[in-house]
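Peer 1: Sharing a structure here in structure tokens format.
The values are calculated or read from the model by the stated rules, or taken from the named source; none is laboratory data. Keep in mind the model is a prediction, meaning the values are calculated, not measured. Cβ sites come from the backbone with ideal geometry, for glycine too, and all protein chains shown count toward neighbours. To get the accessible areas, we keep the full protein, side chains included, count just its heavy atoms, and leave off ligands, DNA and RNA. Shrake-Rupley method; radii C 1.70, N 1.55, O 1.52, S 1.80 Å.
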Amino acid sequence: MDPIPLQTSVTEQTAQRLREAIILGEFPLGTKLSEQKLADQLQVSRSPVREALVLLQTEGLVRVFPKRGTFVFSPDDNLTRDLCEHRTLLETACVALAIERNHARLLKDLKASFTHMQNAVSAENTINYSRGDLAFHRAIIKHSGNSSMIKVYETTIGPIMALRTHLFTITGIQLDRSMEQHQQIIEACAARDVGRAQALCTSHIRHLSDHVFEAQLG
């Protein structure tokens with residue numbers, strides 16, 4: 001992670017850096033986090049790090065255990081199921097709104113993210129693939145134009161995104177099917193086929209949850 005420049009809202013900047021680091025797999029699931037080490041890396045005091053970790057705990061990205069410390073979350077079956085259902089409801093609602101309200105900008109950002117993922121696949125860089133995948137789904141939420149759902153998504157969806165990165169980078173999930181699904185979502189959005197776009201988003205998220213359960217069983 002890069003150092004944080006000393007500006008206002010250092011706590012929120014710290015939380016955002018840590019959130020992205022967990023989602024993108026810089027801190028693997030279950031990793032113990034040291035406030036002092038994080039403060040040293042980000043070149044801030046321990047206070048904003050401590051406050052940021054409290055915020056991330058409310059988002060489900062970290063867990064604090066008395067006398068043991070703070071750890072990146074580890075998933076269980078119930079958490080995975082709940083998060084996937086939550087994500088499905090949000091993304092299917094937002095893709096309908098995005099097609100209706102911001103069709104051109106939605107397609108532009110989806111295609112740009114897809115190109116990023118293609119380049120990552122060619123370079124065999126799963127972290128960059130994860131970045132592109134995150135941007136793809138954020139575009140769907142962003143272009144819904146619904147500020148409430150955007151906020152809810154950003155503050156609740158972190159754990160499932162971190163699980164996705166874990167599958168991409170640790171368990172060796174194949175990306176071909178993921179790429180195909182993203183391409184199909186773009187095509188449905190381009191055709192303004194809301195029903196198909198929603199069905200594809202649902203199938204895409206279910207595919208991810210199936211891999212999570214398979215990895216847990218393994």
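Peer 1: Return the residues of segment 146-171 that are open to solvent by 50 Å² or more (accessible area, probe 1.4 Å), modelled with pLDDT of 85 or more and not β-branched (Val, Ile, Thr); say none if nothing qualifies.
Peer 2: Ser147, Ser148, Lys151
Peer 1: Here is a follow-up. Just name the residue that is farthest from the chain's Cα centre (by Cα) out of those in segment 35-93 that are among the hydroxyl-bearing types (Ser, Thr, Tyr) and part of a helix (DSSP H, G or I).
Peer 2: Here the residue is Ser47.
Peer 1: Can you name every residue in segment 121-143 that is within 23 Å of Asp193 (Cβ to Cβ) and surrounded by fewer than 16 Cβ atoms within 10 Å (Cβ to Cβ)?
Peer 2: none
Peer 1: Let me ask something additional. Kindly list the number of the only condition in (1) within 26 Å of Leu18 (Cβ to Cβ); (2) at pLDDT below 85; (3) of a type outside the set (D, E, K, R); (4) open to solvent by 50 Å² or more (accessible area, probe 1.4 Å) that fails for Gln174.
Peer 2: (1)
Peer 1: Pairs needed: first member in segment 22-40, in contact (Cβ under 8 Å) with a residue 24 or more places away in the chain; second member anywhere, small (Gly, Ala, Ser) and assigned to a loop (DSSP other than H, G, I, E, B); C-beta distance under 9 Å; at least 6 residues apart or different chains.
Peer 2: Leu29/Ser74; Gly30/Ser74
Peer 1: Condition check: modelled with pLDDT under 90 and either of a type in the set (Ser, Thr, Tyr) or farther than 20 Å from Ile157 by Cβ (or both). Does Ser34 satisfy that?
Peer 2: The answer is no for Ser34.
Peer 1: Would a scan of segment 7-16 turn up a residue that is within 25 Å of Phe168 (Cβ to Cβ), of a type outside the set (Phe, Trp, Tyr), open to solvent by 60 Å² or more (accessible area, probe 1.4 Å) and over 17 Å from the mean Cα position of the chain (by Cα)?
Peer 2: Taking every residue of segment 7-16 in turn, none turns out to be within 25 Å of Phe168 (Cβ to Cβ), of a type outside the set (Phe, Trp, Tyr), open to solvent by 60 Å² or more (accessible area, probe 1.4 Å) and over 17 Å from the mean Cα position of the chain (by Cα).
Peer 1: When the residues of segment 64-120 are narrowed to those that are of a type in the set (A, V, I, L, M, F, W, C), closer than 20 Å to Leu134 by Cα and free of Cβ contacts under 8 Å to residues at least 40 places away in the same chain, which ends up surrounded by the most Cβ atoms within 10 Å (Cβ to Cβ)?
Peer 2: Only one residue fits best here, namely Ala120.
Peer 1: Okay, next question. Restricting to segment 94-104, what's the tally of residues that are more than 18 Å from the chain's Cα centre (by Cα), within 19 Å of Ser148 (Cβ to Cβ) and part of a helix (DSSP H, G or I)?
Peer 2: Matching residues across segment 94-104 total 6.
Peer 1: Going by the structure shown, is Ile141 out of contact with any Ser or Thr (no Cβ under 7 Å at 6 or more places or on another chain) and at pLDDT 85 or above?
Peer 2: yes
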